[in-house]
Amino acid sequence: QVQVVESGGGVVQAGGSLRLSCAASGRTASNNGMGWFRQTPGKEREFVAAVNWRGGNRLYADSVKGRFTISRDYASSTVYLQMTSLKFEDTATYYCAVHLSAEGSTTPGRYRYWGPGTQVTVSL
């Protein structure tokens with residue numbers, strides 16, 4: 001069983017930065033792609049970023065390209081999401097997930113293990 005736990009959420013002013021962390025336990029987690037998604041009440045879960053098992057291939061949603069950076073520490077199975085130039089519309093609950101394969105993807109259904117989420121609130 002893989003456990004996923006996010007941390008680093010909080011309240012930040014527009015234009016500010018936050019770094020989210022995601023710790024995934026279990027052997028499977030270190031060999032699988034990982035991704036970040038976000039969700040606001042009444043809306044579907046939205047893809048944010050993903051990285052493959054070695055950290056060499058990264059995917060980003062158009063809405064965060066150039067502002068967010070995903071990275072991972074292979075040894076510790078920890079994934080980070082550095083968020084800069086935050087906007088009010090980035091406000092959401094952010095979820096980390098472990099992919100079914102060594103790659104990452106934009107499809108939530110391709111992720112097997114999910115964390116409980118961490119809240120990010122961007123104030124105007």
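Can you tell me which residue within the stretch 6-29, out of those that are more than 30 Å from Leu124 (Cβ to Cβ), open to solvent by 20 Å² or more (accessible area, probe 1.4 Å) and not charged (D, E, K, R), is modelled with the lowest pLDDT?
If we take residues in the stretch 6-29 being more than 30 Å from Leu124 (Cβ to Cβ), open to solvent by 20 Å² or more (accessible area, probe 1.4 Å) and not charged (D, E, K, R), then Thr28 is modelled with the lowest pLDDT.
Each row is one residue, and each column tells you yes or no for (1) in contact with an Asp or Glu (Cβ under 7 Å, 6 or more places away or on another chain); (2) on the phi < 0 side of the Ramachandran plot; (3) not acidic (Asp, Glu).
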{"position": "Val51", "(1), (2), (3)": "no, yes, yes"}
{"position": "Gly55", "(1), (2), (3)": "no, no, yes"}
{"position": "Lys65", "(1), (2), (3)": "no, yes, yes"}
{"position": "Thr69", "(1), (2), (3)": "no, yes, yes"}
{"position": "Tyr74", "(1), (2), (3)": "no, yes, yes"}
{"position": "Ser77", "(1), (2), (3)": "no, no, yes"}
{"position": "Leu86", "(1), (2), (3)": "no, yes, yes"}
{"position": "Glu89", "(1), (2), (3)": "no, yes, no"}
{"position": "Ala102", "(1), (2), (3)": "no, yes, yes"}
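Scan the stretch 19-36 residue by residue and report those that are under 18 Å from Thr107 (Cα atoms) and assigned to a strand (DSSP E or B).
Met34, Gly35, Trp36
Quick one: Gly16 ticks every box in (1) assigned to a strand (DSSP E or B); (2) under 17 Å from Gln119 (Cβ atoms) bar one, so which box is it?
All conditions pass for Gly16, except number (1).
The values are calculated or read from the model by the stated rules, or taken from the named source; none is laboratory data. All of these numbers come straight from a predicted model, not from anything done at the bench. Heads up, the Cβs are rebuilt from the backbone with ideal geometry, glycines too, and the neighbour counts pull from every protein chain shown. With ligands, DNA and RNA removed, areas are computed over all heavy atoms of the protein, side chains included. Shrake-Rupley method; radii C 1.70, N 1.55, O 1.52, S 1.80 Å.
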